[in-house]
Amino acid sequence: MQYRIDPKNGKELSILGFGCMRFPSDNNETERLVVKAIEAGINYFDTAYIYPNSEQRLGSILKKHNLRDKIYIATKLPLIYVRKKEDFDRFFDENRKRLQTNYIDYYLMHMLPDMHLWNTLVSMGIREWIDKKKKSGEIRHIGFSFHGTCTDFLALLDVYDWEFCQIQYNYVDEYNQAGVNGLKAAAKKGIAVIIMEPLLGGKLATHLPTKAILAFGEADKSISPAGWAFRWLYNQPEVTCVLSGMSSFSQLQENIETAENAKPNMLTEREKAVFAEVKDAFLKSQRVPCTACNYCMPCPENVSIPGCFNAYNVSYSISFMAGLQQYILNAGVASTIPAIASRCSGCGKCEKHCPQAIEIRKQLKAVEKRLEPFWFKAGMKIARKIMGR
């Protein structure tokens, strides 16, 4: 495993980090993956209070195998739930209890979007609280994760002496959110930059349009689309660590091999040009920029929001019938209660939590129009009856 230096403290962070939001459903397989990852040299594990059962599972594995001191744990204060200053301790104590640890190596303000929320936190005493936790050693390094505009990101960089940050960044999002300008600004300030969503929730690995796959293949057939995406990130020396939500041993092994062969500034001019071709093809195929992070869930009406958007995008990137088939099976038939777009009541609860700022209600209407033709509900009713739903 290769490592890059955290400029604030000199610690060596593995360039491949383990994102714990998408652990496998099977606890034994998750345990084997985590242990294998640590044995391979991965030492940065990212979880969060709001990732379902993620902190608990990671904490149990580390305790069982006595691995806590082998890695750096990153977890987060869930700002969406913070209402008063007492919540800082309440959630932090729960973080540690779940993880079965006395301290957090890298603690983040989760989804800090702009100066308005930061000023609200300051009025609650967040500065004093951070200082207290750092002096006690309960928090070793403080940072924030970000989904928002580059302007807001640059403003947040300057209001506190942050030690690291976490941004969504990949070859499609080069100029979205914090983007390349935010990446370079953070690096210039001498703080570690942790990358999330390197594959856009897996889309850059498994949902590329044919034209994009062919472009990568013509450049080098031995490299998978996921490998290309990671190489694009590792090419940039400002990137400290890239998180990957690995849910299988094949993903883990491939990502380790990519990381072991990565170097800053390794891409050729021809390879850089290929990314431009792939990005253009991908953007033309995607109608909704959903990364399936599930922050919008659960829906009060049981709509499978990420599932609906994925099927909708597939109906354009691959074929209408492929998208419709996925929609019928996953949203219409497989679930106990239909999880289709037309169930949306328009409450808007989901939009408050979407990191991508998607107009979810509007887009669900588009999904309904495209993937629920006049015969859809009658056909779904018959199919559900056959399946005993």
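For beta carbons closer than 7 Å, sequence separation of 6+ or different chains, a first residue in the range 47-65 that is without any contact (Cβ under 8 Å) to a residue 40 or more places away in the chain and buried (at least 19 other Cβ atoms within 10 Å of the Cβ) and a second that is of a type outside the set (Val, Ile, Thr) and in a helix (DSSP H, G or I), the qualifying pairs are Tyr51/Cys20; Tyr51/Met21; Ser54/Cys20; Ser54/Met21; Arg57/Asn27; Ile61/Glu31; Leu62/Arg68. Of all residues in the range 251-282, exactly one satisfies the criterion of being farther than 12 Å from Ala226 by Cα and hydroxyl-bearing (Ser, Thr, Tyr), namely Thr268. Checked against (1) hydrophobic (A, V, I, L, M, F, W, C); (2) over 21 Å from Arg4 (Cβ atoms); (3) surrounded by fewer than 21 Cβ atoms within 10 Å (Cβ to Cβ), Ala185 passes all but a single condition, namely (2). For the range 96-125, enumerate the residues that are out of contact with any helix residue (DSSP H, G or I) (no Cβ under 7 Å at 6 or more places or on another chain) and not polar (S, T, N, Q). Hits for the range 96-125 are Arg96, Lys97, Tyr103, Asp105, Tyr106, Tyr107, Leu108, His116, Leu121, Val122, Met124, Gly125. Before we move on, is Glu128 in the same structural domain as Ala74 (by TED's automatic domain parsing), in contact with a strand residue (DSSP E or B) (Cβ under 9 Å, 6 or more places away or on another chain) and among the acidic types (Asp, Glu)? The answer is no for Glu128.
Per-residue answers, yes or no, for (1) of a type in the set (Lys, Arg); (2) within 21 Å of Leu13 (Cβ to Cβ); (3) assigned by TED's automatic domain parsing to the domain that holds Ser14:
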| site | (1), (2), (3) |
| --- | --- |
| Tyr171 | no, no, yes |
| Ala178 | no, yes, yes |
| Lys188 | yes, yes, yes |
| Ile195 | no, yes, yes |
| Pro198 | no, yes, yes |
| His207 | no, no, yes |
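Looking at Ala322, Ala259, Ala273 in this structure, which one is in a helix (DSSP H, G or I), assigned by TED's automatic domain parsing to the domain that holds Ser14 and without any contact (Cβ under 8 Å) to a residue 60 or more places away in the chain? Answer to the check: Ala273. Remark: Glu254 matches the filter, which requires a residue to be free of Cβ contacts under 8 Å to residues at least 40 places away in the same chain and in contact with a Ser or Thr (Cβ under 7 Å, 6 or more places away or on another chain). For the range 154-165, state whether one or more residues are touching a Leu at 6+ places or on another chain (Cβ under 6 Å), modelled with pLDDT of 95 or more and assigned by TED's automatic domain parsing to the domain that holds Lys85. The answer is no, given that none of the residues of the range 154-165 is touching a Leu at 6+ places or on another chain (Cβ under 6 Å), modelled with pLDDT of 95 or more and assigned by TED's automatic domain parsing to the domain that holds Lys85.
Just one of the numbered conditions (1) free of Cβ contacts under 8 Å to residues at least 24 places away in the same chain; (2) closer than 28 Å to Leu58 by Cβ is not true of Phe249: (1). The set of residues in the range 29-39 being of a type in the set (A, V, I, L, M) and crowded, with 17+ Cβ neighbours inside 10 Å consists of Leu33, Val34, Ala37, Ile38.
None of Ser335, Ser317, Ser345 is at pLDDT 85 or above, farther than 24 Å from Thr47 by Cβ and outside the structural domain of Asp152 (by TED's automatic domain parsing) except Ser345.
For the range 290-318, the set of residues classified as part of a loop (DSSP other than H, G, I, E, B) and closer than 12 Å to His207 by Cβ consists of Cys290, Thr291, Ala292, Ile318, listed by residue number.
Restricted to the range 5-19, and to residues that are within 21 Å of the chain's Cα centre (by Cα) and assigned to a strand (DSSP E or B), which residue is surrounded by the most Cβ atoms within 10 Å (Cβ to Cβ)? Going through the qualifying residues, I end up with Leu16.
The values are calculated or read from the model by the stated rules, or taken from the named source; none is laboratory data. In this text the structure is predicted, and so the values were computed from the model without any measurement. Cβ sites come from the backbone with ideal geometry, for glycine too, and all protein chains shown count toward neighbours.
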